[in-house]
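Quick notes on the structure that follows.
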Amino acid sequence: MERVLAPVMAFLHGETPARWTAEARRPERLAVVLQDHLLCELKAAQTAVWLLRRYALDKAGSERLQGWIRPFEDRVYRPHLLQGKQLMVSEVTPAGLSCRPDAPLAAPLVEKMVRLIKEELHHFEQVRELMLARGVAIEPIRASRYAASLMQLVRSGDPWVLVDRLIIGAYIEARSCERFAALAPYMDEELQRFYLSLLRSEARHYQDYLALAQMASPEPIDERVREIGEAEWRLIAEPDPLFRFHSGVPSDL
Ligand SMILES: [Fe+2]
Ligand SMILES: [Fe+2]
């Protein structure tokens with residue numbers, strides 16, 4: 001576990017404050033931790049779908065990809081549509097995803113993002129099953145400020161939109177990995193095992209995003225990575241009135 005976490009910790013500008021962990025481990029917070037986690041897995045998949053549609057796939061490829069993810073979105077946002085419908089993570093494969101001829105990064109994006117989507121949807125199913133078993137309601141809850149605040153940093157015009165979104169993707173994945181590790185020791189045995197099982201894939205996701213960001217950029221990205229990393233750390237270290245999986249130090253509690 002330490003070998004997986006060491007690069008993540010070196011990439012992040014600071015570790016989860018003890019006051020967040022103290023709040024997150026309170027039994028009455030478990031439902032919101034699971035509800036927000038479920039949405040985070042879905043949003044991670046949706047972000048990768050957005051990137052593929054905008055920077056790689058042609059119309060047929062986009063439609064195919066959307067067809068895969070829609071039933072998972074329906075699980076949260078349109079549950080009435082899903083009577084008895086099966087979700088098929090195994091159907092998600094790069095085969096048959098046709099790309100635009102003018103998309104220079106299409107091949108590495110498809111390779112890395114399709115695997116990521118598949119893994120996030122699998123995590124989504126794992127969280128959902130845990131919630132069903134524990135009687136936690138599956139419903140959308142208000143998002144934290146975290147991802148929206150990071151998205152405000154995205155510069156305009158390409159390749160900068162792509163570069164910044166990829167760097168932000170790297171930070172969200174790295175922070176998620178660090179938070180699962182921080183929270184695991186305080187959870188019951190089943191959740192502890194589950195959180196630790198997520199570390200390896202989340203650590204790889206952050207590295208894949210970072211590698212793609214360097215590929216997408218005509219110049220070194222170190223400076224931009226540092227700027228976004230500082231902003232990310234402020235969102236984690238500063239007081240935050242709304243407790244969520246990626247929230248800052250709990251305030252007003
Ligand atoms: Fe995940
Ligand atoms: Fe991930």
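The values are calculated or read from the model by the stated rules, or taken from the named source; none is laboratory data. All values derive from a computational prediction rather than experimental measurement. We place every Cβ from the backbone using ideal geometry, glycine too, and count neighbours over all the protein chains shown. The accessibility values were calculated without ligands, DNA or RNA, using every heavy atom of the protein model including side chains. Shrake-Rupley method; radii C 1.70, N 1.55, O 1.52, S 1.80 Å.
Observations, loosely collected:
- Where a residue in the range 60-79 is among the basic types (Lys, Arg) and its partner, wherever it lies, is buried (at least 16 other Cβ atoms within 10 Å of the Cβ), with Cβ under 7 Å and at least six apart: Arg64/Leu97; Arg75/Arg128
- Checked against (1) closer than 22 Å to Arg78 by Cα; (2) among the acidic types (Asp, Glu); (3) surrounded by 15 or more Cβ atoms within 10 Å (Cβ to Cβ); (4) more than 16 Å from ligand 1 (Cβ to nearest atom), Asp164 passes all but condition (1).
- Some residue of the range 81-91 being of a type in the set (A, V, I, L, M), more than 16 Å from ligand 2 (Cβ to nearest atom), assigned to a helix (DSSP H, G or I) and in contact (Cβ under 8 Å) with a residue 24 or more places away in the chain: no
- Hits in the range 234-253 (condition: in contact (Cβ under 8 Å) with a residue 24 or more places away in the chain and open to solvent by 30 Å² or more (accessible area, probe 1.4 Å)): Ala237, Leu242, Leu253
- Residues (more than 11 Å from ligand 2 (Cβ to nearest atom) and touching a Pro at 6+ places or on another chain (Cβ under 9 Å)) located in the range 114-133: Val114
- Any pair with Cβ under 9 angstrom, 6 or more apart, that starts in the range 29-44 at a residue that is without any contact (Cβ under 8 Å) to a residue 60 or more places away in the chain and ends at one that is away from ligand 1 (no atom under 14 Å from the Cβ) and open to solvent by 20 Å² or more (accessible area, probe 1.4 Å): none
- Scope the range 32-62; condition out of contact with any strand residue (DSSP E or B) (no Cβ under 9 Å at 6 or more places or on another chain) and open to solvent by 40 Å² or more (accessible area, probe 1.4 Å); matching residues: Lys43, Gln46, Thr47, Trp50, Arg53, Arg54, Lys59, Ala60
- Residues in the range 197-233 that are more than 16 Å from ligand 1 (Cβ to nearest atom) and free of Cβ contacts under 8 Å to residues at least 12 places away in the same chain: Gln214, Glu219, Pro220, Asp222, Glu223, Arg226.
- Residue count, the range 6-21 (criterion: of a type in the set (Gly, Ala, Ser) and open to solvent by less than 70 Å² (accessible area, probe 1.4 Å)): 2
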